[in-house]
Amino acid sequence: MRMKLRQAFLLLISLTTLLLAADIVWAQEYAQRLRSPATVRGFIGGESHDSYVIRARKGQTMTVQISWRRERDNAPGDNHAEFFVGELPNFDGNGLVKFGNESNEGKRWSGKIPKTGNYYIYVMAHPTAHYTLRVTVK
């Protein structure tokens, strides 16, 4: 009985590890890879988000800026775009970077990279927005 429980436990651990690895690979493939300097234009809204990834080395400074087109059909300020920078390849917000500063009412973020790695940028809008995202790493 103990041997079967142990085997079941090891199988469960193996499956969990496999699913986690597949999720990370999927997220990395889903995010559009950027090279500095990068300018991307997109359209997003509702419950969706756009994902980007850029590699940066320790000591470099990354700057991210977003702008969006005001929609004529909406009341002034009705549509809104925003972004966040994370260290994890998922959108749940747990991996938000703990460095850097926002400015220009959240339309600009800049931070000195503490460790070499991939950094993820997620863009959202409400209700919808045609946006331009500019990313530089120097």
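Laboratory data are not the source of any read-out in this text; all were calculated from the coordinates shown. These figures come from a predicted structure and were not determined experimentally. A quick note on method: Cβ atoms are made from the backbone with ideal geometry, for glycine too, and the neighbour counts reach across all protein chains shown.
Listed by chain and number, the lysines whose C-alpha is less than 17 Å from the C-alpha of Lys115, apart from same-chain residues fewer than 8 away, are Lys58, Lys98, Lys138. For a Förster distance of 22 Å, can you work out the FRET efficiency between the beta-carbons of Arg70 and Glu47, rounded to the nearest 0.05? For Arg70 and Glu47, the calculated efficiency is 0.50.
The length gained on full extension between Arg33 and Lys98, counted as 0.36 nm times the residue separation minus their Cα-Cα distance, comes to 21.2 nm. In this structure, the amide hydrogen of Asn79, modeled 1.01 Å from its nitrogen in the peptide plane, lies closer than 5 angstrom to those of Glu71, counting only residues at least 5 positions away or on a different chain.
For segment 33-137, the Cβ-based charge dipole about the Cα centre amounts to some 760 debye (Lys, Arg positive; Asp, Glu negative; other atoms uncharged). A dipole drawn for segment 29-138 from +1 and -1 charges on Cβ atoms has a positive end, and of Ser36, Leu133, Gly46 the residue lying farthest that way is Ser36.
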